[in-house]
Structure formats: structure tokens, C-alpha cells
Amino acid sequence: MARPDHFLEFAKRLLDDANCSESDLRAAAHAAYYSVYHLMAEYFGLNTEKREAKHGTIISKLEIIDFSSSPGYVQKARSVYRTLIDIREQADYHIAKPFDGADAEDALEKARGVFARIL
């Protein structure tokens, strides 16, 4: 069974390849976002199979959480989630525009920052 951190590991493997293609860069950004998406769906108790974990639902829940009493990884997710969505949308939907490796690296680093705060 896949876990949220598996998506993060996949993104890292893609970016570790010195010969990765633009499609690999896009897939890495996609996977980095979905690592945090699935982590937050799990945290909020949302069933992804029943489509309870819509992107907007997670954004809304992150915006209303009590920041001071939330775990560090949820606080970090709140601070980077919209940027991760933006990068993922560029990677997934704007295929006529070049996708820069720096964007994929940025997505990976933001996702890593979330996972780094899990105790």
C-alpha cells in the first residue's frame, strides 16, 4: 500500500537522475504535491477514495486550523500548500510552456520541509 512519503521518495528519485527529462521534472513536482496532499488528507481524516479530500477542502481546513496547537508538519503544510498547488498545476496543465527544474526542486524542498517536521 502506498503512503504519503512514497510520493516524496519518488519525486526525489526522479530529480536525482542527472538525465531527467522535462516530463520527469513535471512528474516530480506532481509527486511532491501529492505527498503533502495525502499527508493532510490523512491528518484531517478525509477519505481520498470517496473523494472527500478535494483540494479546496484541504485548503479550507488548513486555513481554519488552530495554528498554535497544530503539529509542526501541519503548520508547515499550511504555509506551503498553495505554492505546491500552483507548481503542480503548472506541471500538470501548462504543458505548452517549458517547466523549469528549479520549480520541481522548489516543490520537493517544500514537501521535504513538511515531512521533516513529523516527529
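Mind listing whichever residues of segment 68-78 are surrounded by 14 or more Cβ atoms within 10 Å (Cβ to Cβ) and either without any contact (Cβ under 8 Å) to a residue 40 or more places away in the chain or under 11 Å from the mean Cα position of the chain (by Cα) (or both)? Give the steps one after another, and end with the answer.
The initial filter retains those residues of segment 68-78 that are surrounded by 14 or more Cβ atoms within 10 Å (Cβ to Cβ), namely 70, 73-78.
Listed by number, the residues that qualify are S70, V74, A77, R78.
Have a look at I87, I65 and point out the one that is modelled with pLDDT under 95 and either of a type in the set (V, I, T) or crowded, with 16+ Cβ neighbours inside 10 Å (or both).
Being modelled with pLDDT under 95 and either of a type in the set (V, I, T) or crowded, with 16+ Cβ neighbours inside 10 Å (or both) holds for just one of I87, I65, which is I65.
Looking at segment 26-44 only, could you name the residues that are under 17 Å from I118 (Cβ atoms) and without any contact (Cβ under 8 Å) to a residue 60 or more places away in the chain?
The answer is Y34, Y37, H38, M40, A41, E42, Y43, F44.
Pick from segment 93-109 the residues that are in contact with a helix residue (DSSP H, G or I) (Cβ under 6 Å, 6 or more places away or on another chain) and part of a helix (DSSP H, G or I): which of them is surrounded by the most Cβ atoms within 10 Å (Cβ to Cβ)?
Ranking the candidates gives A107 first.
When you look at A31, is it of a type in the set (G, A, S) and either touching a helix residue (DSSP H, G or I) at 6+ places or on another chain (Cβ under 8 Å) or assigned to a helix (DSSP H, G or I) (or both), yes or no?
Judged against the criteria, A31 is a match.
Might you check whether a residue that is free of Cβ contacts under 8 Å to residues at least 60 places away in the same chain and closer than 22 Å to R117 by Cα occurs anywhere in segment 15-25?
Looking through segment 15-25, none of the residues is free of Cβ contacts under 8 Å to residues at least 60 places away in the same chain and closer than 22 Å to R117 by Cα.
Please go through segment 1-28 and give me each residue that is in a helix (DSSP H, G or I) and of a type in the set (K, R), ordered by number.
Correct list: K12, R13, R26.
The values are calculated or read from the model by the stated rules, or taken from the named source; none is laboratory data. The structure displayed is predicted, hence computed values, not measured ones. Using ideal geometry, Cβ is built from the backbone for each residue, glycine included, and neighbour counts are taken over all protein chains shown.
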